[in-house]
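Before any comments, here is the structure.
The values are calculated or read from the model by the stated rules, or taken from the named source; none is laboratory data. Because the structure is predicted, anything quoted here is derived from the model rather than measured. Because the Cβ atoms are built from the backbone with ideal geometry, glycine has one as well, and the counts that use them run over all protein chains shown. SASA here: full protein model, heavy atoms, side chains in, ligands and nucleic acids out. Shrake-Rupley method; radii C 1.70, N 1.55, O 1.52, S 1.80 Å.
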Amino acid sequence: MDPKQLAAEKAVTFLDNGMTIGLGTGSTAYWAIEKIGEKVNKEGWKVKAIATSIRSEEQARGLGIPIVDFSSVQLIDVTIDGADEVDAQLQLIKGGGGALLREKIVATNSKQMIVVADESKWVPSLGSYPLPVEVIHFGWQRTFEKLELLGCKAERRMNGAGPYLTDNGNYIIDCAFGEIQDAPSLHESVNTITGVVDNGLFIRIATKLVLGFKNGETRIISR
Ligand code: 5RP
């Protein structure tokens, strides 16, 4: 089995009938949503879900998973989401799929965030993957320059000939910092730039990691 699917399906074993679930975004979270759909359709699970992207919401609706309005939910029980990189402290880089802002809002309003990933995402230190930063259009070139002053090579994400737009209508600037020594302080520095909405560093948010391996094994690391 695909290690992404393996990790995602293992993570679903931590869910229960009756829960309010946060649905992540990306090719790994996809498999978790499929499995939750199976629980709803074959085992009669009654769950409520909040999705982190339009794409995941459409997938969930297609499977008959009830999507509820965020305003009606005080606290999500468990969110399952992927990551672009994860280290031993369960610090993450997210946003490769462009959904980092909604992903962070959903994860920080959840009792638990389970990260699902194949072994390639497990890294000794974060930073090989460029850090996605969501910025507003107005004055984005100035925001871009300020990000580069923090020591990265920045690039505005494109979608064909035009700029990539997030579900919130913002731009993404991908910032290649190289090895990140102090993720909490970089998170702070990036987010204090006016024009930045949020960045893809998730610090002290993930509570569990399920890694899937090519040999069919899974490994679980909890914080
Ligand atoms: C989307 C994300 C994804 O979780 C991340 O990009 C991992 O994606 P995949 O599971 O497809 O490798 O952060 O914004």
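Got a number for carbon plus sulfur as a percent of the chain's accessible area, 1.4 Å probe?
Working: 5090 of 10280 Å².
Ligands and nucleic acids excluded, carbon and sulfur reach 50 percent.
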Ellipsoid equivalent to the stretch 1-92 - semi-axes via the Cα gyration tensor, in Å: 20, 16, 13
Residues with amide H under 5 Å from that of Val133, placed H, sequence gap 5 or more: Ile173, Asp174, Cys175
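With a probe of 1.4 Å, find how much accessible area the stretch 1-142 has per residue, and write the answer as a whole number in Å².
Values: 6010 Å² over 142 residues.
Heavy-atom accessible area per residue stands at 42 Å².
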Accessible surface of Phe144 - all protein chains present, 1.4 Å probe, nearest 10 Å²: 40
Computed over the chain, the ratio Rg/Rh where both radii use C-alpha atoms and Rh is Kirkwood: 0.97
Sequence of Glu217, Glu57 from largest to smallest accessible area, 1.4 Å probe: Glu217, Glu57
Net length gained if the chain between Ile105 and Glu179 were fully extended (0.36 nm per residue, minus Cα distance): 24.1 nm
Hz values of 3J(HN,Hα) by residue in the stretch 91-106 - Karplus curve (6.51, -1.76, 1.60), Gly and Pro given as x: 7, 10, 10, 10, x, x, x, x, 9, 4, 5, 5, 4, 6, 4, 5
Under Karplus coefficients 6.51, -1.76 and 1.60, residue-wise ³J(HN,Hα) of the stretch 64-79 in Hz, glycine/proline x: x, 7, x, 9, 10, 6, 4, 5, 8, 10, 7, 8, 7, 5, 9, 10
Residues Glu43 and Phe138, FRET efficiency given R0 of 41 Å [Cβ-Cβ distance, rounded to 0.05]: 0.25
Label-point gap, in nm, between Glu145 and Phe70 - each point 7 angstrom along Cα→Cβ: 3.2
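Given Lys4/Lys111; Lys4/Lys214; Lys104/Lys208; Lys10/Lys39; Lys121/Lys214, which pairs have Cα atoms separated by over 20 Å? Walk me through the numbers on the way to the answer.
Values: Lys4/Lys111 23 Å; Lys4/Lys214 9 Å; Lys104/Lys208 15 Å; Lys10/Lys39 13 Å; Lys121/Lys214 13 Å.
With Cα atoms farther than 20 Å apart: Lys4/Lys111.
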Nearest-ten-degree value, helix 54-63 long axis tilted from longest Cα axis of the chain: 10
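Could you compute the FRET efficiency for Asn191 and Arg61, with r as their C-beta to C-beta distance and R0 at 25 Å, rounded to 0.05?
Details: r = 32 Å, r/R0 = 1.29.
Efficiency for this residue pair is about 0.20.
Report, in cubic angstrom per residue, the convex hull volume of the C-alpha atoms of the stretch 48-155. Please list the in-between numbers first.
Values: hull volume 14.6 nm³, N = 108.
So the per-residue Cα hull volume is 135 Å³.
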